[in-house]
Every structure is written in structure tokens, then in C-alpha cells.
Amino acid sequence: MTRSLSDVNVKRLSRLIPPRELHARLPITERAERTVAEGREQVKRILAGQDDRFLLIAGPCSIHDEAAAMEYAGRLAALAEEVRDRIMVVMRVYFEKPRTTVGWKGLINDPHLDGTFDLETGLTAARRLLLRLGDLGLPAGSEFLDPIVPQYIADLASWAAIGARTIESQTHRQMASGLSMPVGYKNNTDGNSQIAIDAMISARSPHAFLGIDLEGATCVVETTGNPHGHLVLRGGARGANYAAASVAAVQDQLRAAGLPGALMVDCSHANSEKDHTRQAIAFRDVVAQRVAGNREIVGVMVESHLNPGNQKLGADPADLAYGVSITDACIGWDETVSLAAEAYDALAEAIPAPAPSR
């Protein structure tokens, strides 16, 4: 009797389009390439204190509707142009969602919102959307969850995040060491910032690990390390961590580890007590700290969509309301504009006026 000892719990293995083929189907345009490269360089300069502007990463908790995402992006691009001398705007474009137990895992994993897990369509939709943002001149930032995904879309991202649920993962620290853009490392769900600091140290170092190349073949990936990292405070089980005392304590931790004190605050998650109406409280507090002189607070993250709140994904995706998140609740567009305007006015005290042109 022959007994199978492999893939006992595997239902099916399906070949996926190689990254190079998807790149050929949806090649990067000259405008998008310029947007990505300039976006990365601007974020690096902000992190290094060479650019006095404040970084605002705003967008839906997750992308589930390309049309709504593009409407939001068009509005955000116009807003970014209005505030560009004091605020650099990056759109939050999250295609992968880590789940505490189970649930919808994001556009890449389940683009039809129906449990069919059409990953090729999901990767195609993600790359197409990022290209459209690049052609708008709007830099994009995303969390990378699956270590295979960056080969398909990372050339179109100007900023990346390692999330609170994967910050302790060796796999994600290795992946971050090879990413081509600045990376934000979130404290874990308990609120422990030292774990994120450890991740930053690890990702700044060279690594060798298993991955895929552009042909989709398994290979050994050897990295040089990514020096462009920063901490992201998102609160935790112990409560919020955006107040001045918490920020100062974490900056002391960073310096003690030999790292720059640059950090960002995520105004959602535990910092808003998972209540989207409280994001503004954290936002205003952090902007006030920056205006008061803490220039190492480089920016904020805000979960924002066309319309406020959230909704549950039911059996029929056609029943979903337009422009409303299906994961975490977001603030609406009007409040996003209002907060950006408040920050722009407040930052006039903290950011020198540009030199007059000659």
C-alpha cells in the first residue's frame, strides 16, 4: 500500500503568471516611473531631515473597488498639489489584509469578493491601479504581506509597511531588507515598540533567503539591507501611544539602539480606539507636537475613504455601498480635506517658507 505523505491538506496547486509576464502586460510608463522614483527620494529626504515637509499617508483601510479607489485618488492628487510645499501626500493602497482569524484577505487574494481566490486577476488589478496612480503623479504606499507579491508590484510603490501582525516574522524582516523603497515598521498589536526596532535593525542588515525571480522560479535572494526605515506607532493592547510622552520614550529607544529618531504615527487602530471618529484627535495631537518642535515626527497615517464608516461584506458584493470601506472604518473625504487644511495652516509655524525665486 502506498500512502501519500505530501500535500495531505492541499486541495489544489495552480500555476500563477510569472512576474515578468505581468510586467510585460502592464509595463511601467515613463510618468509612473518618475512618480515612483521621485516619491521614494522625497520620503527618504523627509526621514533624513533634509526635507522639512510633513508626510501624510492617507487612503482606504483596504482597496476593494477600483473605481472608488480611482475617484479617491483623483481627489487626493488635487489635494496633494494644493499642500505640496508643506505636506507630502502618499496614497495608502493596501491590497493584502492580515486577519486575526479568518475573513476577506484583500483584493489580491480575492478580487471578486466571493471566495474564488482568483489571484492572477487580483495581482493584475493591483498592478493596474498602481500604474494609474503613478500616471496621476500620486505616490503610493502599501503593506507587503505575502513575500512573493513584491516581485509583481513593488516597482510601483514609493513607501511600504510591515504590519503589526508580521513585525516579528523573520520572513518579513528579510523581505524588507531587499525592498527598494523606504519601509515603516509598526509596533506589534500589544503596543511593543522594541519589536519594531529589532525588525528595523534586522532589515538594515544583509540577508539570504528563498524567494522567486521575475520568471517565477524559486531562487536564493541575497540582499544588501535596507537603510531607509522608520518606526510607526499605532497603539496596542496597552492603549494609544501617540502622546508626547510615549513618542519621546520611543525616540529614546531608537537612539539607544543606534537608529535615527524619525517616526510616524498611525492615527487609526489602537490610537483611535478602533473608532474612526477619534482619528482626528490623534492627528491634531501629533501635528501639534511637530509644530512645538519635535521634527523627528515625520508624519501621520490616516484611514480615509470617499465616505465615512465601514460595512460588512455579505453574500452579494453588488449590495455594497459605493466608497465605503469593507474592513476598518475610515473617515470620509470631507474630514480628510479639513484635517489636511488644519495641518497645512499649523505647519506654517514649523516649516520655513521657500526661498523666493530669482
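The values are calculated or read from the model by the stated rules, or taken from the named source; none is laboratory data. Source: prediction; values computed, not measured. Heads up, the Cβs are rebuilt from the backbone with ideal geometry, glycines too, and the neighbour counts pull from every protein chain shown. Accessible surface is based on the protein model in full, side chains and every heavy atom, while ligands, DNA and RNA are left aside. Shrake-Rupley method; radii C 1.70, N 1.55, O 1.52, S 1.80 Å.
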Qualifying lysines (Cα of each under 25 Å from Cα of Lys44; at least 8 residues distant if same chain): Lys186
Which value in deg cm²/dmol, rounded to the nearest 500, describes the helix-derived mean residue ellipticity at 222 nm for the chain, given -39,500 (n - 2.57) per DSSP H run of n ≥ 4 and division by the residue count? -11000 deg cm²/dmol
Report, to the nearest 10°, how far helix 30-47 tilts away from the longest principal axis of the Cα atoms in the chain, using its own Cα long axis and a range of 0 to 90°. 50
Just to be sure I understand the curve: with the Debye formula and one point per C-alpha of the chain, what is log10 I(q)/I(0) at q = 0.06, 0.13, 0.14 Å⁻¹? -0.21, -1.02, -1.20
Segment 203-281: relative contact order from alpha carbon pairs under 8 Å, six or more residues apart, as a whole percent, is 25
From Cα pairs below 8 angstrom and at least 6 apart in sequence, can you work out the relative contact order of segment 250-358, rounded to a whole percent? 24
What whole number of Å gives the distance from the Cα centroid of segment 135-182 to the Cα centroid of segment 307-325? 27
Calculate how steeply helix 66-83 sits against the longest principal axis of the alpha-carbon atoms of the chain, using the helix alpha-carbon long axis, and give the answer as 0 to 90 degrees to the nearest 10. 20
At 7 Å along the Cα-to-beta-carbon direction for both Ile17 and Ala257, put a label point, then send me their distance in nm to one decimal. 3.8
Just want to confirm a number: the relative contact order over the chain, from Cα pairs under 8 angstrom separated by 6+ residues, in percent. 17
Around Thr189: net Lys/Arg minus Asp/Glu count, Cβ-Cβ under 13 Å: +3
Residue by residue through segment 163-172, which ³J(HN,Hα) values in whole Hz follow from phi under the Karplus form 6.51 cos²θ - 1.76 cosθ + 1.60 (θ = phi - 60°), with glycine and proline marked x? x, 5, 8, 10, 5, 8, 6, 4, 4, 6
Quick one: pull the percent of accessible area on the chain belonging to carbon and sulfur, 1.4 Å probe, ligands and nucleic acids left out. 49
A student applying the Cα gyration tensor rule (rounded when a/c is under 1.5; otherwise prolate if a/b is larger than b/c, oblate if not) would label segment 16-85 oblate
For segment 199-358, with equal point scatterers placed on the C-alpha atoms only and solvent neglected, what are the log10 I(q)/I(0) values from the Debye formula at q = 0.11, 0.15 1/Å, to two decimals? -0.65, -0.96
Potential extension, Leu5-Ser205 segment - 0.36 nm per residue separation minus Cα distance: 68.3 nm
Residue-normalised accessible area of the chain, given per residue in Å² at a 1.4 Å probe: 46
Working from Cα positions, state the angle (0 to 90°, nearest 10) between the long axis of helix 333-346 and the longest principal axis of the chain. 40
Three semi-axes of the equivalent ellipsoid, segment 231-291, Cα gyration tensor, whole Å, largest first: 21, 13, 8
With all protein chains present, calculate the accessible area of Trp104 using a 1.4 Å probe and round the result to the nearest 10 Å². 30
Within the chain, the percent of DSSP beta bridges that are antiparallel, given to the nearest 5, stands at 20
